[in-house]
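Presented below is the structure to which this report refers.
The values are calculated or read from the model by the stated rules, or taken from the named source; none is laboratory data. As the structure is a computational prediction, the values presented were derived from the model and not from experiment. Every residue, glycine as well, gets a Cβ built from its backbone with ideal geometry; the counts of neighbours run over all protein chains shown.
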Amino acid sequence: MEKITTEQGLQYVTQTDVGLRRANNQDAMGVMMAGDVAHWARRGHIFLVADGMGAHAAGELASKMAADGVPHTYSKLLDLAPPDAIRQAIIETNQQIYNRGHDDPEFHGMGTTCSALLIVPQGALVAHVGDSRVYRLRGELYEQLTFDHSLVWELQKAGQFGEDETPAHVPKNIITRSLGPNAGVHVDLEGPFALELDDIFLLCSDGLSGQVSDEEMGNVLGALPLDEAAQALIDIGNLRGGPDNITLLLIRVVEQDITRYAAEPFTVASEEAHRPALHPAVWITLGVCLLVTAGLFVAKQWWPTVLAGAAAAATAALAIAKKLGPRTVHGYHVAGGHLGEGPHRKAGAKPTAASLRKFSDMTVHLRKVAEQQNWEVEWDDFNRLEAGAKSAAEKQDYQGAVAEYCRAISSMMEQLRP
């Protein structure tokens, strides 16, 4: 379990895990804390997570270049305000990753997500490309501050289906924007979001968000100290199969002074309006869907033909909406205003009897598998913690019950780690 670091009004912890089905870890993360209050007042603190994509070592290299390059470049852009500086840092890092992939066939086409959180006097500022996420827990509300640059989210935004209605034929793992594949990239800016005491921010790769729901994450973050919460979230992701690398950073505001610092509002430079380019994966998906549809039609497989055709139509609708829709202004003057449209999703973080049942079911499942597989484990801690959770639940202390169930899960998973 990683230790909590306390520095300049913040507590934070970082954690990464290869998962159960990957041979290497293609995630990367970065933390760059200002050296003193004066430096923080000018540039803030930076937290970043990147999730690499590419064969062999390409994804690992791309994410490392993002995690190292973005903070380093940002620190040199002293003549730009933080929003412009972090956007420019990501743009320049994208160019470096693109050039490396373009010049070396071994790394051709490599890419990475990049989600950065700046804690500055004006608040929390987010810069974002891809589907790694930034969340905020405030009290009983858990909010996703970033928009997933994925085929699913883009189709939902285009009105093809609702948030909870993703058709089975739409691929869930295709992202529409990343660093590296193209020479240029558009960076989303969100915020600044005003800071309050005890706010918790979570940055994570999709190895976590793909396995643990927003409600569950909010329940865990509200029930445990940062270090225990980080470990519990990774353990739950791995308990559910651990199909991908999991990386997360947790940051808590622990001093009132950081929320009251007087600062001038941002004025963000404007950029020329243009229609964003689609990620090559969208065109590849469309082509594959069309070929599969044609092949199934020739083979007279009518029902699969309908499904493949629907997938092709949905992808084509996204491409048309992007290319023929209104142009988007990616940057604009903001004087005390708000960049972006976040938060984009919201979930309740207060545990209920219904949400607690998921944690109870996890411990029951873990016990059953351990007994079926004859694992050699020490049961005392697990039994004690599970009993404590049940006792808390009977008293309707659902937050305490979540904490004890998570500790039971982590106690077992710790014994099973190689």
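Checking every residue in the stretch 392-404 against the condition of being more than 21 Å from LEU221 (Cα to Cα) and part of a helix (DSSP H, G or I) gives at least one match. Residues of the stretch 367-392 that are modelled with pLDDT of 95 or more and of a type in the set (Asp, Glu): ASP380, ASP381, GLU386.
Could you list, in sequence order, all residues of the stretch 380-391 that are surrounded by fewer than 16 Cβ atoms within 10 Å (Cβ to Cβ) and either assigned to a loop (DSSP other than H, G, I, E, B) or of a type in the set (A, V, I, L, M) (or both)? Within the stretch 380-391, just ALA387 meets the criteria.
When restricted to residues that are assigned to a helix (DSSP H, G or I) and over 19 Å from GLU228 (Cβ atoms), the stretch 357-379 contains 10. Is at least one residue of the stretch 59-74 of a type in the set (Gly, Ala, Ser) and at pLDDT below 95? Checked the stretch 59-74: no residue is of a type in the set (Gly, Ala, Ser) and at pLDDT below 95.
Total residues in the stretch 5-46 satisfying the condition of being part of a loop (DSSP other than H, G, I, E, B), at pLDDT 95 or above, under 20 Å from LEU195 (Cα atoms) and not small (Gly, Ala, Ser): the figure is 1.
Only one of the numbered conditions (1) outside any loop (DSSP other than H, G, I, E, B); (2) surrounded by 24 or more Cβ atoms within 10 Å (Cβ to Cβ); (3) out of contact with any Pro (no Cβ under 9 Å at 6 or more places or on another chain) is violated by GLU106, and that is (2).
Restricting attention to the stretch 405-418, report how many residues are of a type in the set (D, E, K, R) and either assigned to a helix (DSSP H, G or I) or over 26 Å from GLY19 (Cβ atoms) (or both). Walk me through it before giving the result.
First, pick out the residues of the stretch 405-418 that are of a type in the set (D, E, K, R): 407, 414, 417.
So of that shortlist, the ones also either assigned to a helix (DSSP H, G or I) or over 26 Å from GLY19 (Cβ atoms) (or both) come out as 407, 414.
The total comes to 2.
Out of all the residues in the stretch 156-179, is one or more surrounded by fewer than 24 Cβ atoms within 10 Å (Cβ to Cβ), in contact with an Asp or Glu (Cβ under 9 Å, 6 or more places away or on another chain) and not polar (S, T, N, Q)? Looking for residues that are surrounded by fewer than 24 Cβ atoms within 10 Å (Cβ to Cβ), in contact with an Asp or Glu (Cβ under 9 Å, 6 or more places away or on another chain) and not polar (S, T, N, Q), one finds none in the stretch 156-179, hence no. Figure legend. Inter-residue proximity from the stretch 16-43: first residues on the phi > 0 side of the Ramachandran plot, second residues of a type outside the set (Phe, Trp, Tyr) and in a loop (DSSP other than H, G, I, E, B), beta-carbon distance below 9 Å, spacing 6+ or different chains. Indicated pairs: GLY19/ASN25; GLY19/GLY241; GLY19/GLY242; GLY19/PRO243; GLY19/ASP244; GLY19/ASN245. Of the residues VAL187, VAL129, the single one that is in the same structural domain as VAL31 (by TED's automatic domain parsing), surrounded by fewer than 23 Cβ atoms within 10 Å (Cβ to Cβ), in contact with a strand residue (DSSP E or B) (Cβ under 6 Å, 6 or more places away or on another chain) and within 18 Å of ALA62 (Cβ to Cβ) is VAL187.
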